[in-house]
Every structure is written in structure tokens, then in C-alpha cells.
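Single-structure report; data block below.
Here, each number is a calculation from the coordinates, and none is a lab measurement. Computed from a prediction, not measured in an experiment: that's the story for all the values here. Heads up, the Cβs are rebuilt from the backbone with ideal geometry, glycines too, and the neighbour counts pull from every protein chain shown.
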Amino acid sequence: RDSRAEAAVLEYDWVVGYLAAAPDCVEKMVIAINGQFPSPTIHAVEGDTLVVKLKNNLPTEGVSIHWHGIRQRGTPFYDGSAFVSQCPINPGETFTYKFVVDRAGTYFYHGHLAMQRVAGLFGSLIVSLPSGKTEPFSYDGDLSVLLSDWYHKSIYQQELGLSSIPFQFVGEPQSLLIQGRGKYNCSLDLPPGGSAATSSPDCLQCNATNPACAPFVLPVQPGKTYRLRIGSMATLSSLNFKIENHNLTVVAADGRYVEPFVVDNLDVYSGQSYSVLLTANQDPTRNYWVGVNVRGRKPATPTGLAILQYLPNSEHLLPPTPAPTGPVWNDFAVSLAQAQKYSAKKGLESAPPTTSHKLIIFLMTQNIINGYTRWAVNNISQVPSATPLLAAFKFKLWNAFDQTPPPRRPPQYTNNKHFDIFATPNPNTTHASLGNGVYVSKLGEVVDIVIQNTNTLVPNNSEIHPWHFHGHDFWVLGYGEGVFDPRNSTKTYNLVNPPLRNTVAVFPYGWVAIRFIADNPGVWPFHCHVEPHLFVGMGTVFAEGIHKLPHIPSQTLGCGLTKPTRW
Ligand SMILES: O=C1O[C@H]([C@@H](O)CO)C(O)=C1O
């Protein structure tokens, strides 16, 4: 652990490039930083300034890096979402991110252009308290695991399928990874009655003698307590994390303190981070499985495994027990009950304003638009603008994006609520259109957003969507089942100690309500963190304080209407 008392400037020289790697024993192409997958972990201290000089060595594509969970106060142009805060960094170009990490916690960074995150372009950003400040819990050591799901199909083939008629969805991942390591299940590849000799080349690489197949190891001293940081950069999967025989005490979520509570398995949605306390208080003569399973979608991916190693046992001492399983994948009541256990830590986190200035209701629908399968929010399916929206606001380039404000209510609602979210097929799936309008708030405005789930185009199917906000933490006021009713549902809100987060899951056929203060001048994406959903339009953009936008560095410009006009 870094234990400096004073903030420092930390400088990094990074090169983004393609790498042949075998995260689950099978060699594929990943997008890596400095030849590493996952990308290097950053360890910083609260108040530090990070200066990341990023060279794009990808020969055929631009890139940008989003600093997930970092609020970027005063530096909205370094938020890293392509076509919102900056132009993509072209092949061969170098771009320097410079920003302050103003709050201790567990964060991430990842590619934010098309589906580059899915190709492995992500890493952990861990911010510790300076040595003079203490956490509201104690521990002997700090451990961290970054969870993800992994596909054998390239992101380019995935993007092709998503943007084709007929639509070809990415489907379930081949493997689940813990800190970038997993093991592909060859037997899934075998034809009925087939043998290893007839299986695919992928499968042949995946055998016990291949060192790339060794699981990630978490070493612990018997009797000690560890702070374990758990985060998910999954493409699609909602994950459940479990350590055999061990309870976990949850103490923080998304870099904010929560009232501690004990679980024996933890739901982790893409874009979320947690700190849990883990005490090595079990039989020390053996090691234990750490297991990750898929929730919310019918699993077709084997459990991802790592090893909790009780020192001085060998890390090769395999646990004698079967791989851990989580709750049944479609027991959404269990997921909801766990989500409702979170509350803000008393005395350390603020309560929300008791009222809001406006309410926005988002209805998420899956649609057919000109033959293409696309997600929409209030009938608008998001497409990027060629001009970064931040620059469009700053330089008043009003031709750069749709000037019609996007709807604050689902056009499908009558009397605010009489929309049948359970209807199959969804009756309004042909009314959506492409767009890139922006929800503009006044500086300091208190805004409520309710995200309402529906049935997808598949009969009797509604899915989990983790929504992530850039530039803000928000209060999670409450969850509900069925259709949100502005007159009654608000009565169930927790306005006393709701948790602060930057990513929240919306459960099938339900809604979630959040409140935020629009106090960070900038232009900020708010979107589903399931990458193939964002890719086909499941996102929105918010802006505030547009009269107070800071000067924009020229390195963020150069595309769309921000092209230089003189030679
Ligand atoms: O966006 C998605 O599309 C498919 C399905 O709804 C249509 O093929 C699926 O499972 C998603 O999550």
C-alpha cells in the first residue's frame, strides 16, 4: 500500500497495441497497454495528479481511455469518451491525460470507443487514503481482483453481427476471467460423441500442461483480515462472486463507504466496484476456490475460478471441493434483496437533497429501426456525433448534434404510467429513431432519473442493465417492480441514507430511481455498461454548466466540425 502523506504527480508512458495473449489458455488478440493484459494497475493516493501519456500503436483504429468513477471536476475534456469529451486518438498519435484523483476508492479505466473494452482494454485504478487519514474499518492487507467475461470472436466480428440484418447478438461469453485469467471449457467444443482429437484448435491449446491455464492466486496469512477490492469490467454478464466457506463484509461500493453488511456471495454488475473484508479464519491446511458465476442470463459459461491460498500451502494445492455456485441465475428477488442492502455510511457520506427540481423517466426498449435491431431510451437510439459534444457546446457548433431536446418522458406513457412493459411483442418497437440529443441541466439543479425496464423483443424476457454515469456519483433512492408511478412509487424512496454510486443495475421488469446534483460543468455520458447494448444505442448524454465550461485543450479536437480550418 502506498502510504504517502502528500499528494504527488504520477507520470505514465503508455503504448496501446495489439497483443497475442491467452487469457483463458486459448491464444487470441487483445488490445493491451504496454504489452499487458489486463492493462497495468495504477496505485495512487487521494489528491494525486495522474499524467498519462498515451501513444496509439493500433495501426487501423483510433482509441480513447475513460477513467471510470473519476469525476474529472474541472477537466471534463479528459473523461475519455470518444466523440463526447474528445476526438479519438488516431493511429500513431500521442495524447496526454492529466487529472486529479480526488477521492480514495476502487476505480477503473477502459477503452471508450466502439467495443474496445471487450478486447481487453481495461485496468484497475486504486486510490488510497494519504497516510494521515484512516478508513472506517481495519485490515492487515490489501488484495484486488478485476472480473471480466471473455469472447473468442473478435470485437470486429461482434460489431459486424450487431450492425447486420439479420441482427446477430454476441451471445454468452466463452470464459469468465479473474484478474485476466480463466480456463476455456474444451468439452463445450466437442461434437456429440467427439473426442479431443476432433475438437477445435482452440480446444487443443487448453490442457492441463499449458501454463497459461493456471488460475490467479490470492495469497493470505491464516488469521489475518484483508481488504479485497472486487470490480467488474464484464462485456455482458452480471457476475456473482463467492469464496468457498468465507463470508465477506461489504464496506464500500463504487468508491463510497457503505454501512457494513455480511454476505456469502456478492453480485457485481459491469462497471461496479466493491471493497469487502475477508478474514482467513478457516482450516489453514487447505486452499479454497474463489468462484465467479453468471447471473441474470441463462448461463452457458463455466464458473471462473481463482485460488485463495492459505500460506504456507503451495499455490498448486488444489481445493478438494467442487467449484462454488452462486444463487440460481434467474432468482431476481435474491439480486434485488442484495441491492437493497446498501446504505451510505453514517457520518461519512452525505444525504441527498430532500426534493428535486425535475424528474426524467427513461423507458428502455429494444426496437427494429430500418431493419436493424437497436436499443432506445424514450424512443431515441443513440448514435455518436462526429464532433465531440463538449467541443460542440463550448464552440456553439449547433449543427454537430440534434438540437431537439430528447424526451423527458417515454412517449409510450399515457397518464405517466399506462404502458404495458410486459407486452410481447413490445407494441412500440417500431417508433424509435436514431439520435444524439443532449439532456441539459442548469448548474446546481437536482435531477431525478427513473430508469424503467421492459420486455425485450424476445417473448417473456427482460434483462439486467447496469447504468453508469460519467462525472457524477448519484444517490440510489429506490428500486421497484413493475411500472414506476410518479404519484406513489416515490413514497418508497430512501431519502435518509441512500448509497452513493456511479453504476446501478436495473432489474428485469422493474425500475430504479436515482438523484444527482448537476454541479460538474461538462458533458457526461449516462449509459448501459453492457457494451453490445451501448454499441446499438442504449445511451444518453447529459450536460450542465455549459456557460462555465473550461478552456478545452486542442489535443482533444480535430475531428468533425472541430477540424482545423486553416493549413
Ligand atoms: O441486446 C440483446 O439482444 C439479444 C436478444 O434480445 C435479441 O437477439 C440479447 O439477449 C440482448 O441482450
With x for Gly and Pro, the residue-by-residue ³J(HN,Hα) of segment 11-19, computed from phi through the Karplus equation 6.51 cos²θ - 1.76 cosθ + 1.60 at θ = phi - 60° and given in whole Hz, is 10, 10, 10, 10, 10, 8, x, 6, 9
Length gained if residue 6 through residue 566 is fully extended, taking 0.36 nm per residue and subtracting the Cα-Cα distance, is 197.1 nm
In this structure, the FRET efficiency calculated for residue 51 and residue 442 from their beta-carbon separation, with R0 = 35 Å, to the nearest 0.05, is 0.60
Karplus-derived 3J(HN,Hα) from phi for segment 45-58 (6.51 cos²θ - 1.76 cosθ + 1.60, θ = phi - 60°), whole Hz, x at Gly and Pro, runs 10, 3, x, 5, 9, 9, 10, 10, 8, 10, 9, 8, 9, 7
With the dipole of the chain defined by +1 on each Lys or Arg Cβ and -1 on each Asp or Glu Cβ, the option from 518, 233, 468 whose Cα lies farthest towards the positive pole is 518
Cys in the chain lacking any partner Cβ under 4.7 Å -> 528
Between residue 357 and residue 135, Cβ-based FRET efficiency (R0 45 Å, step 0.05) works out to 0.85
Residues whose built amide H sits under 5 Å from the amide H of residue 47, excluding neighbours closer than 5 in sequence, are 101, 102, 103
Contact order relative to length for the chain, counting C-alpha pairs under 8 Å separated by 6 or more residues, stands in percent at 14 percent
In order over segment 262-270: 3J(HN,Hα) from phi, Karplus 6.51/-1.76/1.60, θ = phi - 60°, whole Hz, x for each Gly or Pro, gives 9, 10, 9, 8, 10, 7, 10, 9, 4
So, over other residues within a Cβ distance under 13 Å of residue 495, counting Lys, Arg +1 and Asp, Glu -1, the net charge is +1
FRET efficiency (residue 281, residue 152; Cβ distance; R0 41 Å; to 0.05) is 0.55
If every Lys and Arg gets +1 and every Asp and Glu gets -1 at its Cβ, then about the Cα centre the chain yields a dipole, in debye to the nearest 20, of 1080 debye
Net charge (Lys, Arg +1; Asp, Glu -1) of residues whose beta-carbon lies under 12 Å from that of residue 91, residue 91 excluded, is -1
Relative contact order of segment 495-553 (C-alpha contacts under 8 Å, at least 6 apart) in percent is 31 percent
Per-residue ellipticity at 222 nm attributable to helices in the chain (runs of n ≥ 4 DSSP H, -39500 (n - 2.57) apiece, nearest 500 deg cm²/dmol) works out to -1500 deg cm²/dmol
Taking Cα pairs closer than 8 Å and at least 6 residues apart, the relative contact order of segment 308-384 in percent is 13 percent
Rounded to the nearest Å, the spacing of the alpha-carbon centers of segment 56-97 and segment 237-268 is 31 Å
Once amide hydrogens are built 1.01 Å from N within the peptide plane, the residues lying 5 or more places from residue 462 or on another chain with amide H under 5 Å from its amide H are 456
Rounded to whole angstrom, the alpha-carbon centroid of segment 122-164 lies from that of segment 427-479 at a distance of 23 Å
Computed about the Cα centre, the charge dipole of segment 26-94 from +1 Lys/Arg and -1 Asp/Glu charges at the Cβ has a magnitude in debye, to the nearest 20, of 60 debye
Non-local residues with an amide H under 5 Å from the amide H of residue 437, with H modelled 1.01 Å from N and Pro and chain starts lacking one, are 402
Of all DSSP beta bridges with both partners in the chain, the antiparallel percent, nearest 5, is 75 percent
Surpassing 32 Å at the alpha-carbon level, of the pairs 98/153; 53/133; 28/53; 346/394; 53/563, are 98/153; 346/394
Toy charge model, Lys and Arg Cβ at +1, Asp and Glu Cβ at -1: segment 78-220 dipole around Cα centroid in debye, rounded to 20, equals 80 debye
In whole angstrom, the spacing between the Cα centers of segment 167-190 and segment 342-402 equals 31 Å
